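The structure appears below as structure tokens.
The values are calculated or read from the model by the stated rules, or taken from the named source; none is laboratory data. Note that the structure is a prediction, hence the values are computed from the model and not measured. Positions of Cβ are backbone-derived with ideal geometry, glycine not excepted, and every protein chain shown enters the neighbour counts. Side chains are part of the model used for accessible areas, which takes the heavy atoms of the whole protein and leaves out ligands, DNA and RNA. Shrake-Rupley method; radii C 1.70, N 1.55, O 1.52, S 1.80 Å.
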Amino acid sequence: NNNNNNNEKDIRESDPAASGDNNCDEMATRKVRERLNLRTVNVSHYDLQSMVEGDLVVILMSLMKTTSASLQEAVMDLFVRFFLQTKELVHAANQVQLLVGEHNVVLYNEVKTKISSLRQLAELSEIWLDLQDAQELQQATDVQHILQYFIDMMKSHHSGVGIQSLPLRERQRLLKNMDVHSVVVGLLRDGTHTLDAIIDSEKSSLSSQHKTLLISIFRLCYELLTAFCEDHTDNQVTLFAHIQLFLSYLELDLGQVELVCAIFKENKLLCEKVRPEWLRAVLDLIQIKGRDPRYLALCESILICGGIPIKDNQSLVLDILLERSRRADVILLFNEDANGFELKRQLMLEETKRAEERISSPPSSGVQFLEVPTDNRNRSPTFTVEENNGRAQTHHL
């Protein structure tokens, strides 16, 4: 719409119909205006095509046949805008977050300052992770305090004071818009291998207190990311891109399992993308760390979304667990009803015959009981895991 008068003059000069008298000139101008017929932009239309009656590409192609260099340049500019700008403005507008009130603006600036400090410290993580002097110790302590600040911000109850006046989803969105997650993910990517080396190294000069500080920092990172994506679809998708990072160094037990479960929880789109090797990596922790119900939580998270079972994932989980049952002592229990009694008796006889072969193999899986409903009702199988204290916790699949 810039320089409309000049463009209309160029159109008149280049249109063959405008080579006659003034009446032909006015007719050509009116014809172009009718063909373009740009309307006023309303709140529901932002892209160029929606502002034009007719096919904008066809109109621009016809205008390219002119001999006017300035008009051709203007048309090319519209071409670029048309193909690059379509729907982008709508997407950008959806990312705008308004903070109303002077107090919220002050708090926003405070959050911004803390993020800037955290970013600078994360970039220097390879230096202060050694904790060789008082300055590096202070930097590590500052990182711990900033991470705790953001966790408190996420987990505080909704109130009318400060940043807590915003609903939790708005606080999660605020941290995403301010790119907090990228800083934390970068810290994990650059520093986890160093932490692993420090913990495993027998020659490490760090005191137990300093090691505890470093472990605390990385656990706070995972705790913050878990709160960041919990029940927030967009943030779950954002962190899903780093799932391979979160599944590394699982034996350190920094909170990776809880974060991965939070990423998949009630997100059908992501649950359908789960890979068998991810499940195996988590279930392997049962052999490494011992029986812990947390290690079955991922299986539980990907089976049902919004009350709707995901059949492919059900088959996948069952295949992986039964694949492990070849190396473990898994007992099948059936509900006590008439339909299941005969099948239960047959399985018990078969199990008795194979008992001598299997009894020499120690259990290598944390799954001890698989209860299978045999009635006609839609009931889910349950996996029961025995904890160290002797009690059992049941997970419904």
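Tabulated results
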item	result
Å² per residue, accessible surface of region 151-286 at 1.4 Å	43 Å²
For His193, solvent-accessible area (1.4 Å; no DNA, RNA or ligand), Å²	90 Å²
Highest-first arrangement of 273-286, 216-229, where packing means the average Cβ count within 10 Å	216-229, 273-286
Reference-scaled alpha-carbon Rg (2.2 N^0.38 Å with N residues) for region 119-250	1.12
Compactness of region 226-302 - radius of gyration and Dmax, Cα, Å	11.6, 34
Which of Leu60, Leu349, Leu316 is most accessible, then next, and so on - probe 1.4 Å	Leu349, Leu316, Leu60
Amide H partners (placed H, <5 Å) of Cys305, local residues excluded	Ile310
Most to least packed among 258-269, 137-148 [average Cβ atoms within 10 Å]	258-269, 137-148
